[in-house]
Amino acid sequence: MKYLLGEMTREEARQCFKPETVFLIPVGSVEQHGPHLPLDTDAFDAMYACVEAAKRCSEPLPVVLPPVYYGVSMHHMHYMGTVTLMPETLIAVITDICESLVSHGARKIVVVNGHGGNTHALSCALQKLSYRHEDVLFVLENGGMSEKKRKELFKGRNDVHAGEYETSTSLYNRSALVQLDRAVDGRFSFPARCLEFSAEARAYYFPFMDAVSENGVLGDATKASAEKGREMWEAMINGLVELIEEIKRI
């Protein structure tokens, strides 16, 4: 059975739009990832997770949509190459995609988010959709299915952008695009510990990246390894498979 919607004909797609089918929408971003990682890291990772998870699922396989490449990346706009959507634009895009799927008969939709800056917009979109369509399950997978493994492998403070974690996962499946000789240690430089991303008791604010990091990186990318990336990917993919299989049983 095919699982990539973009590679199906309309008749093949017709066979997939059944109430029990889970539809996966990968969402990422195109934004700076330090001096050593490609701009499309988040979009690639979201799609990779969906594809690899789909391969491991039982029948009926989930259907993976083409990725939404662009996200809310305004905080990276001081760095060259970043392309951003406004939050309301992403809300509209996700809403329209989901409405299209629902109109064809989809009843189980999972948005797989690869970029933290998208979280609030995606949550808003799915919340409104859930109230509009009471018979449809809308789910946001935002990394929570593998957070335990992430904390086990990556212990550096504020390792949230182009640091050890993202560099390791990229070394595992995109090593040719990782310029490891340019990797740096990105330290949180804002003078308020309660606003650090790793703080146990924290408040939220929305700074530009260059206000909290001297080099556009948060985390020590020099400590990255492909082996840690492999372990992390296994946890992320298995976690997504577990989520999909549970949703199928609802």
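Residues are listed down the side, and each one gets a yes or a no for (1) touching a helix residue (DSSP H, G or I) at 6+ places or on another chain (Cβ under 8 Å); (2) crowded, with 21+ Cβ neighbours inside 10 Å; (3) under 19 Å from residue 217 (Cβ atoms):
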| position | (1), (2), (3) |
| --- | --- |
| 3 | yes, no, no |
| 9 | no, no, no |
| 35 | yes, no, yes |
| 41 | yes, yes, yes |
| 49 | yes, yes, no |
| 58 | yes, no, no |
| 62 | yes, yes, no |
Pick out the one residue from 140, 90 that is more than 30 Å from residue 226 (Cβ to Cβ) and modelled with pLDDT of 95 or more.
90
Being of a type in the set (Gly, Ala, Ser) and closer than 16 Å to residue 28 by Cα is the filter here, so list the residues in segment 95-124 that pass it.
114, 116, 117, 121, 123
Taking the conditions exactly as written (more than 22 Å from residue 241 (Cβ to Cβ), buried (at least 20 other Cβ atoms within 10 Å of the Cβ), at pLDDT 95 or above and not basic (Lys, Arg)), does residue 105 satisfy them or not?
no
All-but-one check, residue 89 against (1) in a helix (DSSP H, G or I); (2) closer than 20 Å to residue 245 by Cβ, failing number (2)
Within the group 231, 227, which residue is loosely packed, with under 15 Cβ neighbours inside 10 Å and either under 15 Å from residue 164 (Cβ atoms) or at pLDDT 95 or above (or both)?
227
Report yes if some residue within segment 116-126 is under 16 Å from the mean Cα position of the chain (by Cα), in contact (Cβ under 8 Å) with a residue 60 or more places away in the chain and farther than 27 Å from residue 36 by Cβ; otherwise report no.
yes
Here's a check for you: in segment 40-61, which residue that is over 14 Å from the mean Cα position of the chain (by Cα) and of a type in the set (A, V, I, L, M) is nearest to residue 77 (Cα to Cα)?
54
Scanning segment 73-115 for residues that are under 30 Å from residue 238 (Cβ atoms) and among the charged types (D, E, K, R), which turns out farthest from the chain's Cα centre (by Cα)?
107
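The values are calculated or read from the model by the stated rules, or taken from the named source; none is laboratory data. All values derive from a computational prediction rather than experimental measurement. In this analysis, Cβ positions are derived from the backbone assuming ideal geometry, glycine residues included, and neighbour counts consider all displayed protein chains.
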